[in-house]
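Chemist: My questions all concern the structure below.
Bear in mind that the values in this text are calculations on the coordinates, not laboratory data. All values derive from a computational prediction rather than experimental measurement. Reconstructed Cβ throughout: ideal geometry from the backbone, glycine too, with neighbour counts over all protein chains shown.
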Amino acid sequence: MRHPLLNRFPDRENAFKVFFHPDCLLHEGPAAHPEQPERLKAILEGCLLLPKRTPVSFDIPQPAGFDQLLVLHDQQYLNRLEEAQHKTTVFMSPDNYLCQDSFAAIQASAGCALASGESLLEGVSSFALTRPAGHHAMRSTAEGFCFINNVALATEIVRCSRPGAKCLIVDFDAHYGNGIDYFYNRDPQVLYYSIHADPDQIYPHCGFPDETGRDKGRGTKCNVVVNTGVTGTQWLKTFQKTLLEFVTKNTPDFLLVSAGFDAHKEDPLGLMSLTDRHFLNAINLLLEIADEHCDGISAWFLEGGYSIPVLKRIVPKVIKKLAR
Ligand SMILES: [Zn+2]
């Protein structure tokens, strides 16, 4: 049966794209694990409530093939991961549970990311509803609920086609994207800006302000650390000031956004106190940056966020704002 989102929001030329895949729901962990299929289920339900006239197309892309994942990840790692789903319920880190169908979900999620990368090259903005998320994953390491680094996969698509172009990844998940840093900390062509909670207090315990990139990549990374006690308004002011300063110094050609919603005040991880309004204001700034530097185009990737009601209402609100 055709997915109801495809019927409600069929393909429209050049409309904002949302890439999702029903197989992303197959990845299931222990009961009460914060990273659960209900996260994505709720987002899809919320999207069905978007006004029919919203200029958006929903699309189910092909899952990523093994060869496409090899662009970033190690063959042995992928083999181990594919085999592990039949043998164990945990992979490499206690955070990374597996079930019999996890690899299909991982490939489907990466397929959404690849589609977003292609879309960026075609000049069409998009949101990839990637689950499992990706910003903690490294070449041969799964951690922090992540297996494949989705945003980096999309970045590689862009770089293959446009060598020399500068990609900016902005990450507002409450946790530092140590996987993104792993791939690009020596690479001056990939700019990385992350605003996150104090790594002294929370996972992944790195991403301090003095980590600005290594060797040729020095100065092309920006880590903004925010104390867990700050108000949403203080967070927003800090985000606006520091991101603008960074973008003024390092002008990007392509904008990719690692969008995590675990800094929301209703998030069960309880790290920060943002409301919907703070996220939507942050998105306004990202749209301005896209307009000024990237022909108004951007690609978005779902990272964390564990409150089911928050995800159900905020992701559709964000999509509505992005689908201009
Ligand atoms: Zn997070």
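Chemist: May I ask you to evaluate 6.51 cos²θ - 1.76 cosθ + 1.60, the Karplus curve with θ = phi - 60°, for each residue of region 34-47 and list the ³J(HN,Hα) values in order in whole Hz, giving x for glycine and proline?
Modeler: x, 8, 10, x, 4, 4, 6, 4, 5, 4, 5, 5, x, 5
Chemist: Pull up all non-local amide H partners of Val226: gap of 5 or more, or a different chain, and H-to-H distance under 5 Å with H placed in the peptide plane.
Modeler: When sequence neighbours closer than 5 places are left aside, the close amide H contacts are His196, Ala197, Asp198.
Chemist: Here is a further query. If we count other beta carbons within 10 Å of each Cβ, what is the order of Cys47, Cys112, fewest first?
Modeler: Least crowded to most crowded, the residues run Cys47, Cys112.
Chemist: Can you sort His278, His293, His27, His136 by how many other beta carbons sit within 10 Å, fewest first?
Modeler: His293, His278, His27, His136
Chemist: Moving on. Most mobile of Ile43, Ile289, Ile202 per a Gaussian network model of the chain (Cα springs, under 10 Å)?
Modeler: Highest fluctuation among the options: Ile202.
Chemist: At 222 nm, what helix-only mean residue ellipticity would the chain give, in deg cm²/dmol to the nearest 500, using -39500 (n - 2.57) for each DSSP H run of four or more?
Modeler: Counting only the DSSP helices, I get -11500 deg cm²/dmol.
Chemist: While we're on this one: How far is the Cα center of region 112-145 from the Cα center of region 186-206, in Å?
Modeler: That distance is 17 Å.
Chemist: What list of ³J(HN,Hα) values in whole Hz, one per residue of region 109-118 in order, does the Karplus curve 6.51 cos²θ - 1.76 cosθ + 1.60 (θ = phi - 60°) give from phi, with Gly and Pro shown as x?
Modeler: Each residue's phi maps through the Karplus curve to give 5, 5, x, 5, 5, 4, 4, 5, x, 4 Hz.
Chemist: When we measure straight from the Cα of Lys312, which aspartates and glutamates land under 12 angstrom away, once same-chain ones fewer than 8 places off are left out?
Modeler: Excluding near neighbours in sequence, the set is Glu38, Glu45, Asp276.
Chemist: Still on this structure, please answer the following. In straight Cα distance, which aspartates and glutamates are under 13 Å from Lys216, not counting same-chain residues fewer than 8 positions off?
Modeler: Asp187
Chemist: Under 10 Å, Cα contacts only: if you run a Gaussian network model on the chain, which one of Arg159, Arg277, Arg53 comes out with the highest mean-square fluctuation?
Modeler: Looking only at Arg159, Arg277, Arg53, the largest GNM fluctuation is found for Arg53.
Chemist: Amide H of Met138: which non-local residues (sequence gap of 5 or more, or other chain) have their own amide H closer than 5 Å, using H built in the peptide plane?
Modeler: Here Glu143 satisfy the definition.
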